[in-house]
Amino acid sequence: MDWSERELTLEAVLSLRGFQDVLVTMHTDSVNVMIRADAVNQQQAAVILEAVTRETGISGGNVKIIPIN
């Protein structure tokens, strides 16, 4: 249940930061962040990574950001 709460929290935080249609899935040692976009620039990736690492404690190297068109 804890993962589900964190997923919802991250989706809400990222939506508030201007990302639309965000889906977050957590696993034991990794996080996938899917965002409706053609691409994600470096500044956007930094915002996403900061939110994910702060909320989950998972290192940025284990976060996959997936733009979905």
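What follows draws every value from the coordinates through simple rules; no lab data is involved. The structure presented is a predicted model; accordingly, all values stated were derived computationally and were not measured. Methodologically, a virtual Cβ is constructed for each residue, glycine included, from the backbone with ideal geometry; neighbour enumeration extends over all protein chains shown.
Restricting attention to segment 1-23 and to residues that are of a type in the set (A, V, I, L, M) and in contact (Cβ under 8 Å) with a residue 24 or more places away in the chain, the residue that is nearest to SER59 (Cα to Cα) turns out to be LEU10. What do you reckon, is VAL40 out of contact with any Pro (no Cβ under 6 Å at 6 or more places or on another chain) and either surrounded by 13 or more Cβ atoms within 10 Å (Cβ to Cβ) or of a type in the set (S, T, N, Q) (or both)? No; evaluated as a whole, the condition is false for this residue.
Looking at LEU23, LEU8, LEU14, just one residue is touching a helix residue (DSSP H, G or I) at 6+ places or on another chain (Cβ under 8 Å) and more than 13 Å from ILE66 (Cα to Cα), and that residue is LEU14. Of all residues in segment 56-69, those that are within 8 Å of MET34 (Cα to Cα) have Cβ atoms under 9 Å from Cβ atoms of residues that are surrounded by fewer than 14 Cβ atoms within 10 Å (Cβ to Cβ), 6 or more apart or on another chain, in PRO67/ARG36; PRO67/ASP38; PRO67/ALA39; ILE68/ASP21; ILE68/ARG36.
One line per residue, one yes/no per condition, for (1) surrounded by 12 or more Cβ atoms within 10 Å (Cβ to Cβ); (2) among the polar types (S, T, N, Q):
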{"position": "GLU5", "(1), (2)": "no, no"}
{"position": "LEU16", "(1), (2)": "no, no"}
{"position": "GLN20", "(1), (2)": "no, yes"}
{"position": "THR28", "(1), (2)": "no, yes"}
{"position": "ARG36", "(1), (2)": "yes, no"}
{"position": "GLU55", "(1), (2)": "yes, no"}
{"position": "GLY60", "(1), (2)": "yes, no"}
{"position": "VAL63", "(1), (2)": "yes, no"}
